[in-house]
2 protein chains.
Amino acid sequence: MTPASRDIPSPIRSLIEAAGHFTQSLGLGRVLGQIYAFLYFTPHPRTLDDLTHALGISKGSASMGVRQLAQWGALEPVWVKGDRKDYYRARDNFGRILKNILQDMAGKRLEASAMALTEAEHAIHPHPSPGIDPDSEAFIQQRLETLRAFQHKIQSAWGSFAVGFLSK
Amino acid sequence: MTPASRDIPSPIRSLIEAAGHFTQSLGLGRVLGQIYAFLYFTPHPRTLDDLTHALGISKGSASMGVRQLAQWGALEPVWVKGDRKDYYRARDNFGRILKNILQDMAGKRLEASAMALTEAEHAIHPHPSPGIDPDSEAFIQQRLETLRAFQHKIQSAWGSFAVGFLSK
DNA sequence: TGGTATATTCAAAACGATTTGAACATGACG
DNA sequence: CGTCATGTTCAAATCGTTTTGAATATACCA
């Protein structure tokens, strides 16, 4: 029995499981939540091996998961003197972490959609398509405008939501 | 060639595709975005058959997709006199639609996480576990508190984000 | 430098979510 | 009532994503 796997109190196990479901439902995969939750409730830094044993995941998953979480600033690498292993502990600056994740995920999606919209506008505007029902043309123009307006609204609302967590 | 499939201008096709990717990336599935976008840029109400032909999706997908979208208030059923078919048109009250979707999806997730947290607190608090490192115990308590505090912060921020779109 | 402990990579397997379509249900009309 | 047109359901197939683990790379130490 490894130090990591003994004595994870059952309520903590439940929280780890819940965190896994949570990140899964957000499309981030189960392991990210599990790894973070495990480290979050563990007082001392832990190694990749600890993670594979405690959570029953593969070395590969642990390695990739840890890297991703570190990139978001959710984990802090810790060097323990005289030990080759990489140790990690969970950081608890949720605001910053969340912001990084949102930027990484949602930001790109909004941007991609904005681009698609702009391209469509350009493709339609300059070429009042030959042989196409002008009523339909006008309708589409109007819908594009409504959509564009909403897009702006979203982006500003999104901005203030994200900014609300930048504060320390 | 059906009325629905002829003459979808290529920029609109692109937007339909983009909408599909968008909803896919949000974990809603590709078809929802496609169906909505197609109807959004179509002046007249359309039937399930039109959808299957225009988008190349199965009858089943069209049926389920339309139902889901209607449930969110994104589509409006239209009855055309003397025609048995169900017709649908896209509504453009994005604010309300978004709110419904968020409530349906994110709300449940936050709630589930909140419950898991509460249960863990109850499980730990009343039973200062026998034979477990008291330092560890204190650490866990403290982390639970931090987490709980953030959870409140999120819920209130989320609330105001959602409310921002209730208007009109 | 060679040997060992550890971390990373990535092709393939496992898994889960989405989509299909045949079977079934519904309901309009003669 | 029987038929035809349409909508719905859900088990099975498909498809994409996540996870695995053997192979490979890296880094430390003697």
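The values are calculated or read from the model by the stated rules, or taken from the named source; none is laboratory data. Keep in mind it's a predicted model, so treat the numbers as computed, not measured. Here Cβ is always computed from backbone atoms with ideal geometry, including for glycine, and neighbour counts include all displayed protein chains. For the accessible areas, the whole protein counts, side chains as well, though only heavy atoms, and no ligand, DNA or RNA atoms are used. Shrake-Rupley method; radii C 1.70, N 1.55, O 1.52, S 1.80 Å.
What to note about this one:
- Every residue from segment B:40-98 that is hydroxyl-bearing (Ser, Thr, Tyr), without any contact (Cβ under 8 Å) to a residue 12 or more places away in the chain and either in contact with a Leu (Cβ under 7 Å, 6 or more places away or on another chain) or open to solvent by 40 Å² or more (accessible area, probe 1.4 Å) (or both): B:Ser58
- B:Lys108 meets each of the listed conditions (1) surrounded by 11 or more Cβ atoms within 10 Å (Cβ to Cβ); (2) more than 30 Å from B:Leu26 (Cα to Cα) apart from (2).
Condition check ((1) more than 27 Å from the chain's Cα centre (by Cα); (2) within 17 Å of B:Tyr40 (Cβ to Cβ); (3) more than 8 Å from chain B (Cβ to nearest Cβ)) across all residues:
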{"residue": "A:Lys108", "(1), (2), (3)": "no, no, yes"}
{"residue": "A:Met115", "(1), (2), (3)": "no, no, yes"}
{"residue": "A:Pro126", "(1), (2), (3)": "yes, no, yes"}
{"residue": "A:Pro134", "(1), (2), (3)": "yes, no, yes"}
{"residue": "A:Arg143", "(1), (2), (3)": "yes, yes, no"}
{"residue": "A:Leu147", "(1), (2), (3)": "no, yes, no"}
{"residue": "A:Gln151", "(1), (2), (3)": "no, yes, yes"}
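- Residue in segment B:133-141 that is on the phi > 0 side of the Ramachandran plot, free of Cβ contacts under 8 Å to residues at least 40 places away in the same chain and assigned to a loop (DSSP other than H, G, I, E, B) present: no
- Every pair of residues 6+ apart whose Cβ atoms lie under 6 Å, when the first sits in segment B:11-24 and is facing another protein chain (nearest Cβ under 9 Å) while the second is open to solvent by less than 20 Å² (accessible area, probe 1.4 Å) and within 16 Å of DNA strand D (Cβ to nearest atom): B:Ala19/B:Gly33; B:Phe22/B:Gly33
- Selected residue (criterion: nearest to the chain's Cα centre (by Cα)) from residues of segment A:24-33 that are open to solvent by 20 Å² or more (accessible area, probe 1.4 Å) and closer than 16 Å to A:Leu75 by Cβ: A:Leu28
- Filter result for the condition that a residue is part of a loop (DSSP other than H, G, I, E, B) and away from chain B (no Cβ under 11 Å), over A:Gly65, A:Gly73, A:Gly60: A:Gly73
- Identity of the residue in segment A:26-50, in contact with a Gly (Cβ under 8 Å, 6 or more places away or on another chain), part of a helix (DSSP H, G or I) and within 12 Å of DNA strand D (Cβ to nearest atom), that ends up farthest from the other protein chains (Cβ to nearest Cβ): A:Val31
- Here A:Val66 does not qualify as at pLDDT below 95, of a type in the set (Val, Ile, Thr) and within 15 Å of DNA strand C (Cβ to nearest atom).
- Tally, over segment B:55-76, of residues that are out of contact with any strand residue (DSSP E or B) (no Cβ under 8 Å at 6 or more places or on another chain) and either of a type in the set (A, V, I, L, M, F, W, C) or within 22 Å of A:Phe139 (Cα to Cα) (or both): 6
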